[in-house]
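Okay, so here's the structure we're looking at.
Rule-based calculations on the coordinates, nothing more; no lab input. Everything numeric in this text was worked out from a predicted model, so none of it was measured. Here the Cβ positions follow ideal geometry from the backbone for every residue, glycine too, while neighbour counts run over all protein chains shown.
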Amino acid sequence: MSTLVVIPTYNESQNVQLITSRVLAAQPQVEILVVDDNSPDGTGKIANELAADDERIHVLHREGKQGLGAAYRAGFAWALERDYDFICEMDADGSHRPEDLGRLLAKAPEFGLVLGSRWVPGGSVVNWPKKREWLSRAASAYSRVMLGIAVKDATAGFRVFQRRTLAAIDLGRVASQGYCFQIDMTRRVRALGHSVTEVPVTFVEREFGQSKMTWEIVREAMWSVTVWGFSRLRS
Ligand SMILES: Nc1nc2c(ncn2[C@@H]2O[C@H](COP(=O)(O)OP(=O)(O)OP(=O)(O)O)[C@@H](O)[C@H]2O)c(=O)[nH]1
Ligand SMILES: [Mg+2]
């Protein structure tokens, strides 16, 4: 069974070496695809050096910052062109602990989508401001009500897709950019009738570099979930 971990990066020069080495230490059998949006801080160049040193590491360079959703769509297309059985999402900033990946992968043969969840029993967040926790819980609760997707952590960005789950989704139609992309993918997986499970994880606030979270990202998610929710209720 082959696995690709897709890691989007934008200005993660302090994190990219650390995260790739932690992933490969925890799961030596996996491969990694770093998707870099021409980071001004040279993350892409560091990723090239890492890839030159280890054949399990690959790099996809994109022209400029186009958002998390666009980076993942490109990474998924790259994965689907190759033979990977499982495709994972993981942030570069250390918030998703590579040491938890094994527990997600253990469930992957059974479920179309496995979420690394902060908001199920056993899950937790470390060093996150109360405001961020509230925002995340509220986004998941709103998604549950509006979209009828019975998951506790709809915005989880630590996840494993089976190949056939991703292949069933028309990625060209997924327009979401920010963490709304995660909600969008979750609802599409459910709509296609694929199974979803949540595995508790410990989410750790980044130590190095800066968050790319903006109010525009929050606005996009609220607006999109509202629009999807009303069109679901109408149909
Ligand atoms: N390629 C690419 N990667 C991105 C982009 N925006 C964010 N990322 C990466 O996506 C991951 C998640 O972004 P973060 O900035 O950590 O956002 P977040 O996790 O929602 O916010 P924090 O919890 O505050 O860190 C990180 O690895 C980022 O480097 C983008 O436009 N392009
Ligand atoms: Mg982060």
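Just to confirm a number: summing +1 for Lys and Arg and -1 for Asp and Glu over residues other than G94 whose beta-carbon lies under 12 angstrom from that of G94, what do you get? Write down the numbers at each step before the final one.
On the way: positive: R22, R97, R206; negative: E12, D91, D93, E99, D100, E205, E207.
So the surrounding residues net to -4.
About the Cα centre of segment 106-235, what is the dipole size in debye to 20, counting +1 per Lys and Arg Cβ and -1 per Asp and Glu Cβ, all else neutral?
240
Between T214 and T202, what is the label-point separation in nm under the 7 Å Cα-to-beta-carbon projection?
Here the modelled spin labels are 3.4 nm apart.
Before anything else, pin down the relative contact order of segment 74-175: Cα pairs under 8 Å, at least 6 apart, normalised by residue count, whole percent. It would help to have the intermediate numbers written out before the result.
Values: 99 pairs, mean separation 42.3, N = 102.
Relative contact order comes out at 41 percent.
Give, as ranges by residue number, the residues of segment 177-207 whose backbone N falls under 13 Å from the point 7 Å along Cα→Cβ of S231.
Only 184, 188 pass the distance filter.
Treating only the Cβ of Lys, Arg, Asp and Glu as charged (+1, +1, -1, -1), what charge dipole size does the chain show about its Cα centre? Round to the nearest 20 debye.
The calculation lands at about 1220 debye.
What lysines does K212 reach when the alpha-carbon gap must be under 26 Å and sequence neighbours fewer than 8 apart in one chain are set aside?
K45, K65, K130, K131, K152
If the only charges are +1 at each Lys and Arg Cβ and -1 at each Asp and Glu Cβ, what is the size of the charge dipole of segment 39-151 around the Cα centre, to the nearest 20 debye?
Working: 15 positive and 16 negative charges, 164 e Å.
Dipole about the Cα centre, nearest 20: 780 debye.
What is the sum of charges around V35, taking Lys and Arg as +1, Asp and Glu as -1, for the other residues whose C-beta is under 10 Å from the C-beta of V35?
Here the charged neighbours net out to 0.
Mind giving me the nanometre distance, one decimal, between the label points for E81 and A52, set 7 Å out from Cα along Cα→Cβ?
Rounded to a tenth, the inter-label distance reads 2.3 nm.
Can you tell me the order of 7-18, 209-220 when each peptide is scored by its average per-residue count of other Cβ atoms within 10 angstrom, highest first?
7-18, 209-220
What are the DSSP H helices in the chain that stretch 20 Å or more along their long axis, judged by alpha-carbon atoms, and whose average Kyte-Doolittle hydropathy comes to at least 0.0?
Sorted by number, the helices that extend far enough and score high enough are 215-234.
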